[in-house]
Amino acid sequence: MNRAEAIKQLLLAEFSPEELQVTDDSWQHAGHTGAKESGGGHFSIQIKSSHFNGLSRMQCHRQIYQALQTLFPAEIHALSIKAEGTSPSA
C-alpha cells in the first residue's frame, strides 16, 4: 500500500467521511531538507465528516494528526489540511 492510500485508510476508519481526497504533493518538495531527513512525504487532505461538526479548525487538525500519528515522521513529513463538518453551521 502506498503512503497516500495508507493515509486514506486511516482517515476512512476514524472519521467515516462523506468526502475524502488525499493527494501526494511530495514531488513539489524534492530536495527539501526536512523531508530528506525524515523520509516522509508531503500530502494534501480534503475531508468532510460529521465528526468535525461544531469543531474549530484547530480541533479538526488535531484529530487528523492524532489519527495519523503512527505515520509520522517516516511516512508523513508535512500535511496541508482542509477539514469541514457536514452540518450547515459547521
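The values are calculated or read from the model by the stated rules, or taken from the named source; none is laboratory data. As the structure is a prediction and not an experimental result, all values here were calculated from the model. All Cβ positions, glycine included, derive from the backbone under ideal geometry; neighbour counts span all protein chains shown.
Just to verify a result, which residue in the range 21-49, among those that are assigned to a helix (DSSP H, G or I) and surrounded by 13 or more Cβ atoms within 10 Å (Cβ to Cβ), is modelled with the highest pLDDT? Taking the candidates together, the pick is Ser26.
Applying the criterion of being in contact (Cβ under 8 Å) with a residue 24 or more places away in the chain and of a type in the set (D, E, K, R) to the residues of the range 40-63, the residue that is nearest to Glu14 (Cα to Cα) is Lys48. Applying the selection to the range 64-83, what residues are closer than 17 Å to Ser44 by Cα, surrounded by fewer than 18 Cβ atoms within 10 Å (Cβ to Cβ) and either among the β-branched types (Val, Ile, Thr) or without any contact (Cβ under 8 Å) to a residue 40 or more places away in the chain (or both)? Selection gives Tyr65, Gln66, Gln69, Phe72, Pro73, Ala74, Ile81, Lys82.
Is the range 75-83 home to any residue that is farther than 17 Å from Glu14 by Cβ, at pLDDT below 95 and within 12 Å of the chain's Cα centre (by Cα)? Yes; the residues of the range 75-83 include at least one that is farther than 17 Å from Glu14 by Cβ, at pLDDT below 95 and within 12 Å of the chain's Cα centre (by Cα).
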